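Worksheet: the structure to be examined is printed underneath.
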Amino acid sequence: MPLQDLFTAEKPIPVFVEKCVEFIEDTGLCTEGLYRVSGNKTDQDNIQKQFDQDHNINLVSMEVIVNAVAGALKAFFADLPVPLIPYSLHPELLEAVKIPDYIERLHALKEIVKKFHSVNYDVFRYMITHLNRASYRQLSICFWPTLMRADFENQEFLSTTKIHQSVLEIFIQQCQFFFYNGEIVETTNTVASPPPSNPGQLVEPMVLLQLPPPLQPQLIQPQLQTEPLGII
């Protein structure tokens, strides 16, 4: 189902996404292998099935492990007809992340985020804030193929996978700058060269941020008013 069909003014974040994120943050945000180890596939499918039957389902009462909920959340985004980060903006994102000056790179990425459809923007901000709370590099490795929808059958695409990962890693790392008008978080080298094609090299190390209190999606309103791109 398209993301826009799951959006309401009262609930800008899909209920399923909100329930999964709240469960993960309440019960297992620091779980080893979160989002890397997806848990039992049957449990993942059952979570979605039970939710489809009753949107008020309490995940705690289902007695499932946090990895299964994390897997169900990833599956939600993987099953969207169009990825949360729209294909139409991938070329711009990949070019922006190559900018040698780190500060200039961040500002270029921030301008591209303004082009997101408002629905995508709200959900993307919500998810990046959640991923930042867990705040470790493995999240960018585990989640970029889901949010950007990897095309592993494309040989040209395979040569840029590390750059794709770097895009998401920067968004997670600089969450406050992109979405909460915060300052840029200094890293060990804020003017580092753009991420190379060498898979053995990564961009600046992840930094744990001090974020606002737990998310209240119903209070989140898009700060950036842009014209929809018809990307959903």
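The values are calculated or read from the model by the stated rules, or taken from the named source; none is laboratory data. Since the model is a prediction, treat every value here as computed from it, not as a measurement. Methodologically, a virtual Cβ is constructed for each residue, glycine included, from the backbone with ideal geometry; neighbour enumeration extends over all protein chains shown. For the accessible areas, the whole protein counts, side chains as well, though only heavy atoms, and no ligand, DNA or RNA atoms are used. Shrake-Rupley method; radii C 1.70, N 1.55, O 1.52, S 1.80 Å.
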For Asn56: the one exception among (1) part of a helix (DSSP H, G or I); (2) surrounded by fewer than 18 Cβ atoms within 10 Å (Cβ to Cβ); (3) more than 17 Å from the chain's Cα centre (by Cα): (1)
Residues of region 2-21 satisfying the condition of being touching a residue at least 12 places away in the same chain (Cβ under 8 Å) and within 17 Å of Ala75 (Cα to Cα): Pro2, Leu3, Ile13, Pro14, Val15, Phe16, Val17, Glu18, Lys19, Cys20, Val21
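Regarding region 47-57, can at least one residue be identified that is closer than 13 Å to Cys142 by Cβ, assigned by the TED database to the domain that holds Glu22 and in contact (Cβ under 8 Å) with a residue 24 or more places away in the chain?
Kept after step one, since they are closer than 13 Å to Cys142 by Cβ, are these residues of region 47-57: none.
No, there is no match, as no residue in region 47-57 is closer than 13 Å to Cys142 by Cβ, assigned by the TED database to the domain that holds Glu22 and in contact (Cβ under 8 Å) with a residue 24 or more places away in the chain.
Just give me the residues in region 67-84 being closer than 14 Å to Asp43 by Cβ and open to solvent by less than 10 Å² (accessible area, probe 1.4 Å), in sequence order.
Quick first cut of region 67-84, residues closer than 14 Å to Asp43 by Cβ only: 67-75.
Passing the criteria: Ala68, Val69, Ala70, Gly71, Ala72, Leu73.
With respect to Thr31, is the statement that it is more than 15 Å from the chain's Cα centre (by Cα), more than 14 Å from Asn120 (Cα to Cα), outside the structural domain of Tyr126 (by the TED database) and assigned to a loop (DSSP other than H, G, I, E, B) true?
Numbers: more than 15 Å from the chain's Cα centre (by Cα): yes; more than 14 Å from Asn120 (Cα to Cα): yes; outside the structural domain of Tyr126 (by the TED database): yes; assigned to a loop (DSSP other than H, G, I, E, B): yes.
In short, yes.
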Which numbered condition Val64 misses (of (1) open to solvent by 30 Å² or more (accessible area, probe 1.4 Å); (2) more than 20 Å from the chain's Cα centre (by Cα); (3) β-branched (Val, Ile, Thr)): (1)
